[in-house]
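See below for the structure under consideration.
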Amino acid sequence: MPPINLKRIPVALTRRGYEVVIGRGCRFQVGEELRRLGYGAGLKVLVVSNPIVFDHYGTHVMEALRAAGFIASSLVVEAGETHKTPATVARIHHACWREHLERGSLVLALGGGVVGDMAGFAAATWLRGIAVVQVPTTLLAMVDAAIGGKTGVNHPGGKNLIGAFHQPRLVLVDPETLSTLPEREFQAGMAEVVKYGVIGDMHLFIKLEQAEDLSSVTAVGPTLLMELLCRSSAAKAAVVAADERESGRRAILNYGHTLGHALETLTGYNTYLHGEAVALGMEAMGWIASREGHWQEAEHERQARVLAKAGLPLRWPPLDPDTVVACLNSDKKVRQGRVRFVVPRALGQVEIRDDISAERVGEALKALRSS
């Protein structure tokens, strides 16, 4: 039986827009959703997933695809930032070759942001680009990574330095898959939800403030969770539609990410989850913005309380500030040698600046150290 109360959020691109479809149990409808898009029986679909997710949901998706007449095959790869490499993408390319995927075929990413990024990049580069469908199973991927067409892998010199813009044909979000997500992963995803509240959705931020506990899917509850998913997805869709390839406004989505990516890189991608690093980046930028007079300290404190309510870290490790600044200078968002930061002006409003000094960054990291 089809899931009820499906929410359809359009990503209104000039060329080939798509929908983010949100609803409990909708993973069982993936085949029907593809038929709705005009894909016919006999289409080859390669499902890329990781071991844990595929064990929970792979059978559901494979059976749904085959019931709709598609020829479905699968590839299970290890997830985690340390596996987000060209070597793993080469495995996906080989599976595309092995299964004889054609230009009319598609890749379906079933998993979190790492799987989605790698499968999307493989699809973007196989036969110079075949279709990809995103079926995210982590909160972070549902509200951020699966939407917008950013794909890629890491390089030893920095995060996501190798990649391509490749928009999906569909993003299918089933909140039921969050029931098997580790609590820490859920908390990491909440960092991106908080980000949307700070950069442009004051109503969303107030909803987060009013909640008693944001640290688990159980604490959030199904009603609030659905609203957070819909509002966050709509916020991401609106920004992507206005600036598909990050030439201007879309850069506001990087709030907390510039410093967060440096933290991930310097700790070898094995200490902090992406959302945890983003939360620390947001806290650092909040500290800097309040000291520079860009927003009020009271608003910085409100942001910190919401992040803490979601179980996210607020204290930086004792990294050498000069090393962090050097890492920032290799970030892909650097323009003409200047690091661009997303700086809050008020809750619900941010701006992009390239005049934050290395000294100020160093002061923030020292002030926020855990020891």
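For segment 130-257, the relative contact order is 26 percent, taking Cα pairs closer than 8 Å that sit 6 or more residues apart in sequence and dividing their mean separation by the residue count. For the chain, the longest principal axis of the C-alpha atoms and the axis of helix 257-266 are separated by about 80°. Near T137, the amide H atoms lying under 5 Å from its own belong to G111, G112; only residues 5 or more places off or on other chains count, and H is placed 1.01 Å from N.
The stretch between A67 and Q210, if pulled fully straight at 0.36 nm per residue, gains 47.1 nm over its current Cα-Cα span. Where both bridge residues fall in the chain, DSSP classifies roughly 40% of the beta bridges as antiparallel.
Each of C96, C327 has some number of other Cβ atoms within 10 Å of its Cβ, and from fewest to most they run C327, C96.
Of the beta bridges DSSP finds with both residues in segment 106-189, what % are antiparallel, to the nearest 5?
Values: 5 of 13 bridges.
Just about 40 percent of them are antiparallel.
Distance from the C-alpha centroid of segment 131-161 to that of segment 21-55: 18 Å, rounded to the whole angstrom. Ordered from longest to shortest, the equivalent ellipsoid semi-axes for segment 156-197 are 24, 18, 12 Å, each the square root of 5 times a Cα gyration tensor eigenvalue. Protection proxy ranking, highest mean first, for peptides 61-69, 26-34, 168-176, 121-129: 168-176, 26-34, 121-129, 61-69, where packing is the per-residue count of other beta-carbon atoms within 10 Å, averaged.
Lys and Arg at +1, Asp and Glu at -1: add these up for the other residues within a Cβ distance under 11 Å of L140 and post the number.
Values: positive: K195; negative: D144, E185, E192, E276.
Its environment carries a net charge of -3.
Too long at a 23 Å Cα-Cα cut-off: which of K150/K366; K195/K309; K7/K236; K159/K195; K44/K84? K150/K366; K44/K84, as the Cα separations exceed 23 Å there. Mean residue ellipticity, 222 nm, helices only, the chain: the sum of -39500 (n - 2.57) across DSSP H runs of n ≥ 4, divided by residue count and rounded to 500, is -12500 deg cm²/dmol. Here the calculated FRET efficiency for Q349 and R8, from their Cβ-Cβ distance with R0 = 22 Å, stands at 0.20, rounded to the nearest 0.05.
Using all pairs of distinct alpha-carbon atoms, the Kirkwood hydrodynamic radius of the chain works out to 20.7 angstrom. Global dimensions of segment 271-371 from alpha-carbon coordinates: Rg and Dmax equal 13.1, 38 Å. A simple spin-label model places pseudo-atoms 7 Å from Cα toward Cβ; at E359 and R128 they are separated by 5.3 nm. Does anyone have the angle between helix 222-242 and the longest principal axis of the chain? Alpha-carbon axes, 0 to 90°, nearest 10? Between the helix axis and the principal axis of the chain, the angle is about 90 degrees.
Expressed to the nearest 5 percent, the antiparallel share of DSSP beta bridges inside segment 7-180 is 30 percent. If one takes the longest principal axis of the Cα atoms in the chain, at what angle in degrees, from 0 to 90 and to the nearest 10, does the Cα axis of helix 358-367 lie? So the helix axis and the longest Cα principal axis differ by about 90 degrees.
Using the Cβ-Cβ distance between E78 and T267 with R0 = 30 Å, the FRET efficiency computed as 1/(1 + (r/R0)^6) comes to roughly 0.95. Applying the Karplus relation 6.51 cos²θ - 1.76 cosθ + 1.60 with θ = phi - 60° to segment 116-121 yields 3J(HN,Hα) values of x, 5, 6, 5, x, 5 Hz, where x marks Gly and Pro. Working note: Karplus 6.51/-1.76/1.60 with θ = phi - 60° gives segment 153-168 the couplings 9, 8, 10, x, x, x, 7, 6, 6, 10, x, 7, 7, 8, 5, x Hz, where Gly and Pro are set to x.
Any read-out appearing in this document is the output of simple, stated calculations on the displayed coordinates, not a laboratory observation. This one's a predicted model, so the numbers in the text were calculated from it and none came from an experiment. Here the Cβ is made from the backbone with ideal geometry for all residues, glycine too, and neighbour counts use every protein chain on show.
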